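J.: One structure follows; several queries about it will come next.
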Amino acid sequence: MSSEELREHQLRDRLKGPEATCELIDYIGSLSSGTGPTIVLSGGEGIFAVQLAECLCNGAVVVHHNSAVVEAMKARVLGSKSAVVNHLRDPERDPAILRRHEIRPAIGYRWCQLPQTAFKAETFGTVIIEQGHEFGIAAALAEAKRLLRKNGKVVLLGYLPFEAVARQKPLKDSATTKLINDVLEHGFEQALGAFVTPDERHLLDRYRSVSFPFNEVAVAASGNFRSRMFMRAAWNLFTLHHFIEGWPVVRRVKASGSIANIDLWNFSKALKNTWGSPRTRRVLNWPIAIRVGAKTSE
C-alpha cells in the first residue's frame, strides 16, 4: 500500500456514526422529485450522507459544514469524481481496482458554512436536510426553499436517541438490554436534558413543532417496511463511549463546569456497569424523525 493509499484509508476511517438500513435508503431515494439533481445538507457524521449520495447517484451533491468530514468523504476511492480522476492519474495505483467496483463519478462533496450554500436558486429537484439541528433548522428550510425548483421536494430528517437491541442468545440478554435502555433513557434526560438546544428539542419532538414552509407530503411507508426504517450500528462500549463524547450536547455539559458533569459521570458509570464486558458488541438502533414537503408556486 502506497503512502497516499494509506492516507486515504486513514481518512475514510474518520467517517463514523450509524448506517441507514436498506429500507430507509430506498425510501428516501423514492422521494426524489425527478425535477432535477439532489443536494444533501448534512450535519451528521458522514456515513449516512455518503450512503444517500451513492444510492441516488443522479448528480448528487453532499454539502457538510465540517471540512475534515468532507475530506474523508472525498477519500473514498470511488466516492467522488475527483477521487476517480486522481486514482487514474497516479502511476503507483492499480487502475484494475476500478474494474472490481461500481464507479459512481457523479457525486460531489463540498464544504459550505451551512445552512447557507453557494448554489444558485432553483438548482435542485430534491433537498435532503440531515441532522439540521447542527446548523439551524429554520435557516436550513429557508435555504432548501431557495434551492428547490417548482414541485421539488424537501426531506427533513434526523435520528432520535438510540436504544440497544436484545440478542436472541443468551436468553438473559433481554433483561440486560432492558437495563441498558433504562440507563440510556434516564441518562439522556437527567444528564443532558437541560443542555438541549431548541433545535435539538425540535428533533426530539419529531419536527412536529417546526414551522414547515412546504406542502406536507405524507410519509406513506407502513407495516414491516416502515418498521425497518432506522439507523443501525453494532458497537462495543469503547466505540459507543467515543461516539457519545463527540455529541455537541455532551461538550456543552463539560464546558459548563456545572453539577451536571456529575450526572454525566454517573450516566457513563451506569452504562459501564450494565453493559457487560466493554468488548461486547451490541446492536444499537436509532429511530428516525422525518418530514417531507413539496415546493409549489408562490
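J.: Just one of Glu245, Glu189, Glu216 is of a type in the set (Asp, Glu), surrounded by fewer than 18 Cβ atoms within 10 Å (Cβ to Cβ), farther than 19 Å from Phe48 by Cα and in contact with a Gly (Cβ under 8 Å, 6 or more places away or on another chain); which is it?
T.: Working: Glu245 fails: in contact with a Gly (Cβ under 8 Å, 6 or more places away or on another chain); Glu189 fails: in contact with a Gly (Cβ under 8 Å, 6 or more places away or on another chain).
When all the criteria are applied, what remains is Glu216.
J.: Is it true that some residue in region 151-172 is among the charged types (D, E, K, R) and assigned to a helix (DSSP H, G or I)? Show your work before the answer.
T.: Step one: list which residues in region 151-172 are among the charged types (D, E, K, R), which gives 153, 163, 167, 169, 172.
From what's left, assigned to a helix (DSSP H, G or I): none.
Scanning region 151-172, I find no residue that is among the charged types (D, E, K, R) and assigned to a helix (DSSP H, G or I), so the answer is no.
J.: Condition first: of a type in the set (A, V, I, L, M) and assigned to a helix (DSSP H, G or I). Now tell me which residues in region 138-149 satisfy that.
T.: Our first condition is that a residue be of a type in the set (A, V, I, L, M); within region 138-149, this holds for 138-142, 144, 147-148.
Answer for region 138-149, where residues must be of a type in the set (A, V, I, L, M) and assigned to a helix (DSSP H, G or I): Ala138, Ala139, Ala140, Leu141, Ala142, Ala144, Leu147.
J.: Among the residues of region 257-298 satisfying the criterion of being of a type in the set (Lys, Arg) and under 30 Å from Ala218 (Cβ atoms), which is surrounded by the most Cβ atoms within 10 Å (Cβ to Cβ)?
T.: It comes out as Lys295.
J.: Being within 23 Å of the chain's Cα centre (by Cα), loosely packed, with under 13 Cβ neighbours inside 10 Å and over 30 Å from Gly276 (Cβ atoms): is that true of Asp199 here? I'd like the intermediate steps shown before the answer.
T.: Values: within 23 Å of the chain's Cα centre (by Cα): yes; loosely packed, with under 13 Cβ neighbours inside 10 Å: no; over 30 Å from Gly276 (Cβ atoms): yes.
For Asp199, the condition - within 23 Å of the chain's Cα centre (by Cα), loosely packed, with under 13 Cβ neighbours inside 10 Å and over 30 Å from Gly276 (Cβ atoms) - is not met.
J.: How many of the residues in region 79-137 are part of a loop (DSSP other than H, G, I, E, B), charged (D, E, K, R) and modelled with pLDDT under 60? Show your work before the answer.
T.: Residues of region 79-137 that are part of a loop (DSSP other than H, G, I, E, B), as a first pass: 79-80, 90-94, 101-107, 112-123, 131, 135-136.
Imposing the further condition that a residue be charged (D, E, K, R) reduces the set to 90, 92-94, 102, 104, 120, 122.
Right, trim to modelled with pLDDT under 60 and you get 102, 104.
Qualifying residue count for the region: 2.
J.: Still on this structure: Just to check your reading of the model, which residue among Arg279, Arg252, Arg206 is touching a residue at least 12 places away in the same chain (Cβ under 8 Å) and touching a strand residue (DSSP E or B) at 6+ places or on another chain (Cβ under 6 Å)?
T.: Numbers: Arg279 fails: touching a strand residue (DSSP E or B) at 6+ places or on another chain (Cβ under 6 Å); Arg252 fails: touching a strand residue (DSSP E or B) at 6+ places or on another chain (Cβ under 6 Å).
Matching residue, one of Arg279, Arg252, Arg206: Arg206.
The values are calculated or read from the model by the stated rules, or taken from the named source; none is laboratory data. Remember, it's a predicted structure, so these values are computed and weren't measured experimentally. Backbone-built Cβ (ideal geometry, glycine too); neighbour counts: all protein chains shown.
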